[in-house]
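The values are calculated or read from the model by the stated rules, or taken from the named source; none is laboratory data. These numbers were taken from a predicted model, which means no experiment stands behind them. Virtual Cβ from ideal backbone geometry, glycine too; neighbours counted across all protein chains shown.
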Amino acid sequence: LWCGASSRWIGVTPEPQQRIYCANHASHLDAVVIWAALPPNLRRTTRPVAAADYWRGGVKQWLATRVFRAILIERGKRDGDAEARRVAAREAVEQTRREMGSDSLILFPEGTRSPTGEMGPFKAGVFHLVQSCPEVEIVPTYLHNLGRVLPRGEFAPVPLLASVTFGAPLRLEPDEDRDVFLDRLRTTIEELSRA
Amino acid sequence: MIETLLADRALVRAFGGILVLLVVASVAVRILRGVVDSDRAKATVEDAATRIRSWWLMCLVFASSMALGKVFSVVLFGLLSFLALREFVTLTPTIRADHAALFWAFYLLTPLQYVLVGIGWYGMFTIFLPVYAFLFVPIRTALAGEPVGFLERTAKLQWGLMVAVYCVSHAPALLYLELDGYDGNAKLLLFLVVVVQASDVLQYLWGKTLGRHKIAPTISPNKTWEGFVGGVSSATALGAALWWLTPFTPVQAAAMALLICLLGFAGGLTMSAIKRDRGVKDFGTVLAGHGGILDRIDSLCFAAPVFFHLTRYFFRAVG
């Protein structure tokens, strides 16, 4: 790979089972790099979840849907009222649930690329998604240096060495609170950055 | 090109010597593996085995690029510089505002430096990075409009370019020197590389076997006085013994080899200081047992430009 990405699996091995890879998001390359870090047989059944408003139209849409087979979901409008945002979010979760079938997902709980490389707050969508399919394993995934390789707003990647770290799978505990779960997921990813 | 190189008996003999050395080392490791029983000795032997495997690869790549001709050697070193710069920048923190400067450093400045070497434009390649890139990097970074840590950020990239690109590019530049009554420049490059790398290996071997007194424990715990003296003197002796590869007399060859060894040592020490500061042991993991490209060529970085200029100054064809 151009950015010399290396991958590590800590407490988890690549298995052909349904999983949701949850990663920090800093670059367009994130999903590609996770995908490339998976063994070829898993790549076919692993699909990224991306924002429809960003990836709609022309080449972008072709790339997203044909090449990466992404599931494009609508992000709630920032200025919409609370109720409309809730509806949009629920619809996005249901759509993802419908489209994923038995495929694995690559998902960025921050919902957008971090401009600084620091992890932003996690959106609740991932919680609702897992709630609807608690049997699916969540694989916490940490991406290192990709925000430097291709930061937000740049179009040409710089060939620095990057890495992907997959951590031990999490599951949603019964009756686990939304914020507790999101916090746990976040902490696990942060810990991977130091592993 | 291959025919002319094969016709050069000295070059063939030198590569034959390297081949014999590698075979001997590989066989020795195989024998040692069966003999040693303590865990520590086993680890040392395994480490040596990994290193030797990487040496086979490095020698193969180096030999084939030489056999393919000047241009391929320049391309090979250019590639090494590119990878080394990548390791260097990966380790030194940059921010988003540095992206454009990094982009130009990787995709324009580095290749251009090697184009200048490749067309033999001495007057330009010796000043291109120290003058033009030196000015370009801060200008482009300033245009990105982020003042925090400005001097530090630009200095890091300038340093990376100088060490990983500028210094290294003097090695293939040897191929383009016009020397007095000597046209086996490939052998001169081979002399430099063999002496630098032999010095590294011999210092490692002497240090492993006799090393007691550390030179700079805060910077590199593996460098000892015993390793330094033993390694430098034996590599210097090797350099003197290889005088027939060069335009030098045996005494001149010894002096040059000594200089190469001392600078190589200094290079290793300096790069260790950077690694220490960043809290890592190696720059990368490309070469099994050796670390990254930059870990392998740190000595070459420092030795190449000085060796190049001294050779040019004293042995250049006049007129």
Next on the checklist: Only one of A:F166, A:F155 is modelled with pLDDT under 90 and of a type in the set (F, W, Y). Can you tell me which?
Outcome noted: A:F155
Next on the checklist: I'm told B:F283 meets every condition in (1) in contact with a Phe, Trp or Tyr (Cβ under 9 Å, 6 or more places away or on another chain); (2) of a type in the set (F, W, Y); (3) away from chain A (no Cβ under 14 Å) except one. Can you identify the failing condition by its number?
Outcome noted: (3)
Next on the checklist: Can you tell me how many residues within region B:271-305 are surrounded by fewer than 17 Cβ atoms within 10 Å (Cβ to Cβ) and assigned to a helix (DSSP H, G or I)?
Outcome noted: 4
Checklist entry - Picking from A:L160, A:L192, A:L143, which residue would you name as being within 11 Å of another protein chain (Cβ to nearest Cβ), surrounded by 21 or more Cβ atoms within 10 Å (Cβ to Cβ) and either under 15 Å from the mean Cα position of the chain (by Cα) or among the aliphatic types (A, V, I, L, M) (or both)? => result A:L160
Item to check | A:A50, sole failed condition from (1) touching a residue at least 40 places away in the same chain (Cβ under 8 Å); (2) under 16 Å from the mean Cα position of the chain (by Cα) | outcome: (1)
Checklist entry - Would you say A:D179 is charged (D, E, K, R), part of a loop (DSSP other than H, G, I, E, B) and more than 14 Å from chain B (Cβ to nearest Cβ)? => result no
Next on the checklist: Suppose we keep only residues that are farther than 23 Å from B:T94 by Cα and either among the basic types (K, R) or without any contact (Cβ under 8 Å) to a residue 60 or more places away in the chain (or both) within region A:117-132. Which one would you say is surrounded by the fewest Cβ atoms within 10 Å (Cβ to Cβ)?
Outcome noted: A:P121
Checklist entry - Quick one: which helices (runs of 4 or more DSSP H) sit completely within region B:69-158 and have at least 2 residues that are within 14 Å of chain A (Cβ to nearest Cβ), out of contact with any strand residue (DSSP E or B) (no Cβ under 7 Å at 6 or more places or on another chain) and closer than 30 Å to B:L179 by Cα? => result B:70-91, B:110-118
Checklist entry - Is one or more of the residues making up region A:119-138 basic (K, R) and over 24 Å from A:Q18 (Cα atoms)? => result no
Next on the checklist: Among the residues of region A:51-77, what is the count of those that are among the charged types (D, E, K, R) and more than 15 Å from A:T112 (Cα to Cα)?
Outcome noted: 4
Item to check | Unique residue being of a type in the set (G, A, S) and touching a helix residue (DSSP H, G or I) at 6+ places or on another chain (Cβ under 6 Å) when the list is B:S26, B:S38 | outcome: B:S26
Next on the checklist: Cβ-Cβ under 7 Å, sequence separation 6+ or interchain: first residue in region A:83-94 and in contact (Cβ under 8 Å) with a residue 60 or more places away in the chain, partner outside any helix (DSSP H, G or I). Which pairs?
Outcome noted: none
